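Okay, so here's the structure we're looking at.
Nothing in this text is a laboratory measurement; each read-out follows from the coordinates by a stated rule. The structure presented is a predicted model; accordingly, all values stated were derived computationally and were not measured. Note that each Cβ is placed from the backbone with ideal geometry, even for glycine, and that neighbours are counted across all protein chains shown.
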Amino acid sequence: MTKTGAFDYINVLEKACDAGWTRNSVLANNIANVDTPGFKREDVQFEEYLMGELGYTDSLDDEVANAELDALNATTYTDYATVSYRLDGNNVDIDTENAELAKNQIKYYTMIDSVSQEFSRLKMVTKGNS
């Protein structure tokens, strides 16, 4: 994490990528335990933290510049709220987990692409001043 205005978006995107990576691991673990009796699925909470930190103002640039990066850490929680339709107490639905994994991978690759674009912009700006 770099503490300069030029990297504000990159720093926030880094936190989002970390959360996506964590969610990918959690979803893979859910899928691996689809047949484990009594296993309860886990999930990751991050988007709520991101929205809380970036707020709802007109200036996203200002919100990103003032974001408290230490508050943007993904947390893993066990999902006891999901009803288990199985007699063994496991609440993992393989179709839902696979769909969530695919959705998460698309988000993750989009964020990685955004980071790459931010670095390309910085590179273009520094070359323009050479």
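A few remarks follow.
- Label point distance in nm, SER84-MET124, each placed 7 Å from Cα along Cα→Cβ: 5.3
- Within the shell of other residues whose beta carbon sits under 14 angstrom from the beta carbon of GLY20, the net charge comes to -2, with Lys and Arg scored +1 and Asp and Glu -1.
- Sites ILE94 and LEU54, calculated FRET efficiency, Cβ-Cβ separation with R0 25 Å, nearest 0.05: 0.15
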